Amino acid sequence: MEMTTRPFIANTGQLDAIIVGAGIAGLYMLHRLRQAGLSVLVLERGKGVGGTWYWNRYPGARCDVESLEYSYSFSERLQQEWNWSERYSGQPEILDYINHVANRFDLLSGIQFGTKVEKARYDETHACWIINTDQGDRITSKFLIMATGCLSSANIPQIEGRESFKGATYHTGSWPHHEIDFSGQRVGVIGTGSSAIQAIPHIAAECESLTVFQRTANYSVPARNGTINKTYEAEVKANYAEFRKRNRMMPAALGSTFTGSNQSALEASPEEQQMEFAKRWNIGGFGFLGAYNDLTINKESNDVAAEFVRERIRETVADANTAGLLCPDSVIGCKRLCLDTNYFETYNMPHVHLVDIREDPIQRIMPTGIRCKNTVYELDDIVFATGFDAMTGTLLRIRITGRSGLTLQDAWKAGPRTYLGLTVKGFPNMFLISGPGSPSVLTNMIVSIEQHVEWIERCVSYILEKQYSAIEAEQGSQDGWVEHVNLIASKTLYPSCNSWYRGANIPGKPRVFMPHIGFPTYVAQCEEVESAGYSGFEFY
Ligand code: NAP
């Protein structure tokens, strides 16, 4: 659904809150703050709601969290009345759902679409934020809430000659809103992350030839998608609140298939290991990584899981050389595990070719294709499935200036620093939803988003009730939090690979492990801070 720009009603005076972004986070934030009686405006660069699900319309785009979990839990009526059609929802259905929520809770009237925030500056004298947009708006607001998403700035690699290409180019994260017909086309896909792994089988089914340019092979387990199991759905809906509560207590806030284990892989015999992994492989989904309790912390255990997946790849892909190239050699789960439907099978199609660009690096894009060091590939279309400047990219593209002229770019020069992933020292009354330093991308995002939104709403209401001008993280508490986040990460296998969690996919980006590993303990930490009267913050 495309919305027309709603001009901001001038002379409204100062707002209580500006929310940047009308995705899942921004919409719920708007709803909560309105319920709390605040004057709020959402600024959204797209022409519709949905955030991630508005932009990522590539063929095969689908959620990797099950539908009954990847949905808002704040309204019992909403969760009862909405019916999902598949175990994992596709992008169009999720976008329909988000539009339904926006309509059902009358949220559209609070959103100005087609408006990009360019600058936000904290005015210390008046204790408010001054926000400038590309539409010429200048808006003042007491609170600034960044609901800008973790994966919302596309990463398009600077490959020489990119502009010279005569065919069409696409990025999975900013896909056109009209149907793309690949039939009869020679298509090149650069990248083999989650987006590519979903898109490749769909593009291959349509196009004349598909060339996949792979830099790093990726682990993927079957999603085992299908129509939703109605009996299971009825069971969940009969006690949805309990289901949500249980999921919120799980690592990663994932419930249904992520039954954990209290056992190390090393305590099981090789036969038991194979049976356990096979069981989870057949069920499909992220539950694969829950097979043993030490897969993310013990390399030896991790190796067993990794080899199980490599075996499945070798079994599936007929050409031994291609299978070998598709077998990752890194730690499984260290980069985001992918879920697929027929990804590896696609390489058995005669018109699908895999190019190992470590062996034969891309040198340049030419008007008619891609030139690698040893081979030239003639192409009609290039799909960049090259990911995002994750977690910090969108925040740093906005010029945010806090107290004493400190810019976020300067404050985060050596990597993002936050207190609880929610606030930044030097930036009073600014909140981040699922910011770096919070579990966000390592969880079911909606659970994390709801937790952040509700925490922020209570904090904002507290400030207004106490008639404080502002809240700001203390230096010591922020330093302590950053240290805590790094310490947890250092005890796991996560820092061992070049993932976007570490900023390693963006040339020049500081290598810092950004998310907090530790849901649901994290939630308790936020609650403790709150119940101690917001310890670690100063009010003025
Ligand atoms: P990604 O995981 O960052 O993958 C990007 C791919 O592009 C990688 O294979 C990367 O190779 C490659 N690449 C990047 N720069 C390159 C360059 N200069 N030359 C050649 N190759 C390059 O991005 P994504 O697939 O869009 O996924 C991002 C995240 O979005 C996922 O991890 C997941 O959290 C989320 N997502 C979720 C779903 C879902 O719910 N099912 C679907 C899609 C995305 P290297 O590995 O060598 O860097």
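FYI, it's all coordinate maths here, none of it is from the lab. Values in this document were obtained by computation on a predicted structure and should not be read as measured data. Please note: Cβ atoms are built from the backbone with ideal geometry, for glycine as well, and neighbour counts cover all protein chains shown.
Per the helix-only calculation at 222 nm, which mean residue ellipticity applies to the chain, given -39500 (n - 2.57) for every DSSP H run of n ≥ 4 and division by its residues, nearest 500 deg cm²/dmol?
For the chain, the value works out to -9500 deg cm²/dmol.
Multiplying the sequence separation of Asp134 and Asp106 by 0.36 nm and subtracting their Cα-Cα distance, what value in nm do you get?
Result for the pair: 7.5 nm of gain on full extension.
Let a ≥ b ≥ c be the square roots of the eigenvalues of the Cα gyration tensor of segment 104-237; is it rounded (a/c under 1.5), or, if not, prolate (a/b larger than b/c) or oblate? Display every interim value, and only then the final one.
On the way: a/c = 2.43, a/b = 1.43, b/c = 1.70.
It comes out oblate by the Cα gyration axes.
Could you check the simple spin-label distance between Glu81 and Arg399, using points 7 Å along Cα→Cβ, in nm with one decimal? Between Glu81 and Arg399, the label points sit 4.5 nm apart. Looking at the chain, the DSSP beta bridges with both ends there are about 40 percent antiparallel.
What trypsin sites (Lys or Arg not before Pro) does segment 336-390 have in DSSP loop regions with at most 12 other beta carbons within 10 Å? When the trypsin sites (Lys or Arg not before Pro) of segment 336-390 are filtered for loop state and at most 12 Cβ neighbours within 10 Å, Arg358, Lys373 remain. The mean sequence separation of alpha-carbon pairs under 8 Å and at least six residues apart, normalised by the residue count of the chain, gives a relative contact order of 19 percent.
Taking Cα atoms only, the orientation of helix 445-466 departs from the longest principal axis of the chain by about 10 degrees. Roughly speaking, what is the centre-to-centre gap between segment 177-200 and segment 57-105 when only Cα atoms are used, to the nearest Å? With segment 177-200 and segment 57-105 each reduced to a Cα centre, they are spaced 24 Å. Could you tell me which of rounded, prolate or oblate describes segment 92-164, using a ≥ b ≥ c as the square roots of the eigenvalues of the alpha-carbon gyration tensor, with rounded for a/c under 1.5 and, failing that, prolate when a/b is larger than b/c and oblate otherwise? Judged from the Cα gyration tensor, segment 92-164 comes out oblate (a/c at least 1.5, b/c at or above a/b).
How about segment 426-500: which GluC sites (Glu not before Pro) there are in a DSSP loop, with at most 15 other Cβ atoms within 10 Å of their Cβ? Each step should come with its number before you reach the end.
Details: sites: Glu450, Glu454, Glu457, Glu465, Glu472, Glu474, Glu483; in loops: Glu474.
Filter output for segment 426-500: Glu474.
Over all distinct alpha-carbon pairs, what is the Kirkwood Rh of segment 341-421 in angstrom? Walk me through the numbers before you get to the answer.
Numbers: mean 1/r = 0.0586 Å⁻¹.
With all distinct Cα pairs of segment 341-421 included, I get 17.1 Å.
For Tyr468, project a label point 7 Å along Cα to C-beta. Then give me every residue of segment 417-447 with its amide nitrogen under 17 Å of that point. Those under the cut-off are 419-432. Scanning residues 5 or more positions from Val212 or on other chains, those with amide H under 5 Å from its amide H are Val189, His353, Leu354, Val355, with H placed 1.01 Å from N in the peptide plane.
Are any of the pairs Lys47/Lys119; Lys335/Lys491; Lys116/Lys335; Lys142/Lys466; Lys166/Lys373; Lys119/Lys425 more than 23 Å apart by Cα-Cα distance, and if so, which?
Values: Lys47/Lys119 20 Å; Lys335/Lys491 16 Å; Lys116/Lys335 31 Å; Lys142/Lys466 14 Å; Lys166/Lys373 21 Å; Lys119/Lys425 18 Å.
Flagged as over cut-off: Lys116/Lys335.
Largest first, the three principal axis extents of the alpha carbons in the chain are 69, 57, 45 Å in whole numbers.
The angle between the Cα long axis of helix 475-490 and the longest principal axis of the Cα atoms of the chain comes to about 20 degrees, rounded to the nearest 10. For segment 465-504, trypsin sites (Lys or Arg not before Pro) meeting the loop criterion (DSSP other than H, G, I, E, B) and having at most 12 other Cβ atoms within 10 Å: Lys491. For the pair segment 437-514 / segment 207-264, the C-alpha centres are spaced 24 Å from each other. Summarising the amide proton neighbourhood of Tyr88: residues at separation of 5 or more, or on other chains, whose placed amide H is nearer than 5 Å comprise Ser67, Gly226. Spatially, segment 137-155 and segment 294-312 are offset by 39 Å when compared through their Cα centroids. Between amide H atoms placed 1.01 Å from N, distances below 5 Å from Ile382 occur with Ala168, Thr169, Tyr170, Gly188, all of them 5 or more places distant or on a separate chain. The angle separating the long axis of helix 24-35 from the principal Cα axis of greatest extent in the chain is about 20 degrees.
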